[in-house]
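Could you have a look at this structure, given as C-alpha cells, before my questions?
The values are calculated or read from the model by the stated rules, or taken from the named source; none is laboratory data. Not measured: the values here are computed from a predicted model. When we count neighbours, we look across all protein chains shown, and the Cβ atoms used for this are built from the backbone with ideal geometry, even at glycine. Quick note on the areas: whole protein, heavy atoms, side chains included, nothing else; ligands and nucleic acids left out. Shrake-Rupley method; radii C 1.70, N 1.55, O 1.52, S 1.80 Å.
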Amino acid sequence: QVQLVESGGGLVQAGGSLRLSCAASGSTFGINAIGWYRQAPAPEKQRELVATISNDGSTNYADSVKGRFTISRDNAKNTVYLQMNSLKPEDTAVYYCNAAQSLGPGYDYDYWGQGTQVTVSS
C-alpha cells in the first residue's frame with residue numbers, strides 16, 4: 001500500500017503562485033510515475049491530468065498549464081512538488097496526487113491522495 005498526502009493548497013489571487021506537495025509513504029517500491037490531476041467544481045468537469053513526472057525525470061504537462069506549472073521531485077523525501085505560477089481563475093479545482101505502481105505483470109496499482117483545494121480569485 002502507498003499513502004499519498006497532499007498539502008499546499010489555498011486561496012490566491014489571479015497572477016499569484018502556490019506550491020503543492022505530495023508526500024509518499026508506505027510500500028513505495030515499484031512506483032513508476034507520480035502525477036497531479038485536478039477536478040473543477042462544475043458538475044460536468046471530469047478529473048484531468050495536470051502534470052506527471054517519471055522515475056527517469058521525464059515530465060509531461062497539460063497544454064493549459066505549460067509554461068506556468070513545474071513538476072519536480074525530491075527522491076530523498078519521497079515528495080513531488082507542483083509549482084504553480086501565473087494562476088488563473090480557471091485553475092480553481094481540487095488537486096489530487098496520483099502514484100502509478102507496477103509490481104510485475106498484472107500487478108499494476110493506482111493510488112490517490114485525498115486532494116487539496118486550490119481557489120484562484122479574479
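When you look at Asp63, is it open to solvent by 70 Å² or more (accessible area, probe 1.4 Å), out of contact with any strand residue (DSSP E or B) (no Cβ under 9 Å at 6 or more places or on another chain) and closer than 17 Å to Leu49 by Cβ, yes or no?
Considered against the rule, which asks whether it is open to solvent by 70 Å² or more (accessible area, probe 1.4 Å), out of contact with any strand residue (DSSP E or B) (no Cβ under 9 Å at 6 or more places or on another chain) and closer than 17 Å to Leu49 by Cβ, Asp63 comes out as yes.
Okay, residues lined up against (1) under 11 Å from the mean Cα position of the chain (by Cα); (2) under 19 Å from Gly10 (Cβ atoms); (3) at pLDDT 95 or above; (4) part of a strand (DSSP E or B):
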| residue | (1), (2), (3), (4) |
| --- | --- |
| Asn32 | no, no, no, yes |
| Arg38 | yes, yes, yes, yes |
| Pro43 | no, no, no, no |
| Val50 | yes, yes, yes, yes |
| Ile53 | yes, no, yes, yes |
| Ile71 | yes, yes, yes, yes |
| Gln83 | yes, yes, yes, yes |
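From Gly16, Gly26, Gly8, Gly57, which residue is out of contact with any helix residue (DSSP H, G or I) (no Cβ under 9 Å at 6 or more places or on another chain), open to solvent by less than 80 Å² (accessible area, probe 1.4 Å), in contact (Cβ under 8 Å) with a residue 60 or more places away in the chain and under 18 Å from Cys97 (Cβ atoms)?
Gly8
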